[in-house]
1. Rank Tyr2, Tyr120 by accessible area, highest first, at a 1.4 Å probe radius?
2. Over segment 1-124, average the accessible area per residue using a 1.4 Å probe and give it in Å², no decimals.
3. Using a Gaussian network for the chain with springs between C-alpha atoms less than 10 Å apart, which of these wobbles most: Gly202, Gly30, Gly94?
4. Give the lysines whose C-alpha is closer than 20 Å to that of Lys46, dropping any in the same chain fewer than 8 places away, or say none.
5. If you restrict to DSSP beta bridges whose two residues both lie in the chain, what percentage is antiparallel, to the nearest 5?
6. Ile7's amide H: which non-local residues (gap 5+, or another chain) put their own amide H closer than 5 Å, with H modeled 1.01 Å from N in plane and none for Pro or chain starts?
7. Using the Karplus equation 6.51 cos²θ - 1.76 cosθ + 1.60 (θ = phi - 60°), what ³J(HN,Hα) coupling, rounded to whole Hz, does each residue of segment 181-188 give in order, writing x for Gly and Pro?
8. Residue separation times 0.36 nm, minus the C-alpha to C-alpha distance between Ile76 and Ser127: what's the value?
Amino acid sequence: GYGDKPILTDVDLAVPPHAVTTVIGPSGAGKTTIADLLVGLHRPDKGKVMVGDVDLDDIDTIAWRRQLGYIPQETILFNDSIANNVTLGDATIGRENVIAALKAADAWDFVSALPGDIDYVIGVRGSLLSGGQRQRLSIARALCNDPQFLILDEATSALDRETAVEIASGIRKLVGRKTIFAITHQPIWVDAADKVYEMRAGEVRPIERSNGLRPTPA
């Protein structure tokens with residue numbers, strides 16, 4: 001909680017490896033707080049956050065965060081090249097790694113068509129790109145260091161439905177290589193998920209899909 005105000009109460013959820021886990025719920029329900037606990041920004045007042053059989057408190061925080069890729073709702077981009085926006089200026093990340101991350105994020109098709117491809121300057125806050133293209137660059141940035149665990153925090157909520165579905169399908173293709181945790185209020189992420197939880201008033205409960213079928217990769 002924050003001060004005397006409880007945010008999460010008796011939360012019990014599992015994030016299976018190499019699958020998509022989605023937590024849906026209205027704004028203010030505490031979804032982002034769960035992500036903050038997973039990243040290690042907050043510690044639980046009661047209970048534990050476990051990584052496999054190991055308490056997160058017993059894991060080196062820096063080493064743990066190196067395995068994480070975080071994709072926020074608001075994409076922060078700079079009036080610079082696509083390469084520098086993906087690598088955040090890290091000169092140790094080569095061209096091949098940038099292109100691999102763009103391909104994994106389903107961004108290479110549009111980037112390769114631009115003048116200079118990864119050297120193309122995208123304008124202030126990425127103004128020369130569409131909303132979906134900007135979000136794909138944000139995904140590529142998160143994938144650039146080959147993280148094992150991706151966290152999406154309302155990553156498609158600012159996009160139109162068609163673009164959001166495309167991005168969710170692209171993320172779904174990473175299953176088998178990455179563990180993906182999506183927090184959202186958008187029902188489209190239920191279709192993309194292997195496991196779904198609903199969150200209300202700080203409590204979490206699993207949702208069983210009516211057809212009982214596991215979603216198939218796009």
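1. Ranked list, largest accessible area first: Tyr2, Tyr120.
2. 58
3. Its mean-square fluctuation being the largest, the pick is Gly94.
4. Counting by Cα, and skipping residues close in sequence, Lys46 has these lysines nearby: Lys5, Lys31.
5. 30
6. Amide H neighbours of Ile7, under 5 Å, 5+ apart: Tyr2.
7. Those phi angles translate into 10, 10, 10, 6, 10, 8, x, 4 Hz.
8. Values: separation 51, 0.36 × 51 = 18.36 nm, distance 1.13 nm.
This chain segment gains 17.2 nm when fully extended.
The values are calculated or read from the model by the stated rules, or taken from the named source; none is laboratory data. From a predicted model like this one, the values you see are computed outputs, not experimental measurements. Every residue, glycine among them, receives a Cβ derived from its backbone with ideal geometry; neighbour counts consider all protein chains shown. The protein model used for the area step is the full one, side chains on, heavy atoms only, and it has no ligands, DNA or RNA in it. Shrake-Rupley method; radii C 1.70, N 1.55, O 1.52, S 1.80 Å.
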